[in-house]
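Let me begin by presenting the structure, written as structure tokens, before commenting on it.
The values are calculated or read from the model by the stated rules, or taken from the named source; none is laboratory data. Worth saying up front: this structure is predicted, and the values here are computed from it rather than measured. Cβ sites come from the backbone with ideal geometry, for glycine too, and all protein chains shown count toward neighbours.
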Amino acid sequence: MTVPESTGVPYTVVALTGEVDATNSEEFYGVLESVVLQLPRLLVVDLSELTFMDSTGLRMLLRSSRELDQQGGVLVLASPQISVARVLQLTRADQLIPVYPTVTDAIAEA
């Protein structure tokens, strides 16, 4: 997993690559937490290069979304691959965190 982040005004994009699972979910959460502490109005998590995410990764996304929401911000997801989108749908996480087809759509609509 690599997590390059790019900051724009008034949003931040975190792009994930590889996999998020029990072996690296704490590292993933640490990155999200550091971004949340910067108080972005909009945090877009780009999932276009994420090939796998298990329940621990999902838990970290939900946790970060809740924390950002408490600070008045919004976390959204963009461009999930089919396997990741399936996890979001099966767990109904896509009902809790908005999911957009592209990063551009997420920025424009959120």
Item checked: Flag for S48 being closer than 23 Å to I107 by Cβ and polar (S, T, N, Q) -> yes
Item checked: Hits in the stretch 48-68 - residues which are over 19 Å from T102 (Cα atoms) and among the hydroxyl-bearing types (S, T, Y) -> S55, T56, S64
Item checked: Breaking point among (1) at pLDDT below 95; (2) farther than 12 Å from V14 by Cα, for S34 -> (2)
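Per-residue answers, yes or no, for (1) assigned to a loop (DSSP other than H, G, I, E, B); (2) surrounded by fewer than 22 Cβ atoms within 10 Å (Cβ to Cβ):
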| site | (1), (2) |
| --- | --- |
| E19 | no, yes |
| T23 | yes, yes |
| E26 | no, yes |
| Y29 | no, yes |
| S34 | no, yes |
| Q38 | yes, yes |
| S48 | no, yes |
| T51 | no, yes |
| G57 | no, no |
Note to self: Condition first: in contact with a helix residue (DSSP H, G or I) (Cβ under 9 Å, 6 or more places away or on another chain), in a helix (DSSP H, G or I) and among the aliphatic types (A, V, I, L, M). Now tell me which residues in the stretch 85-102 satisfy that.
What the structure shows: A85, V87, L88, A93
Checklist line | Qualifying residue in the stretch 40-47 (condition: more than 11 Å from the chain's Cα centre (by Cα), closer than 20 Å to P98 by Cβ and without any contact (Cβ under 8 Å) to a residue 60 or more places away in the chain) | finding: yes
Next item on the list: Give the number of residues within the stretch 62-79 that are more than 17 Å from V20 (Cβ to Cβ) and in a helix (DSSP H, G or I).
Entry: 5
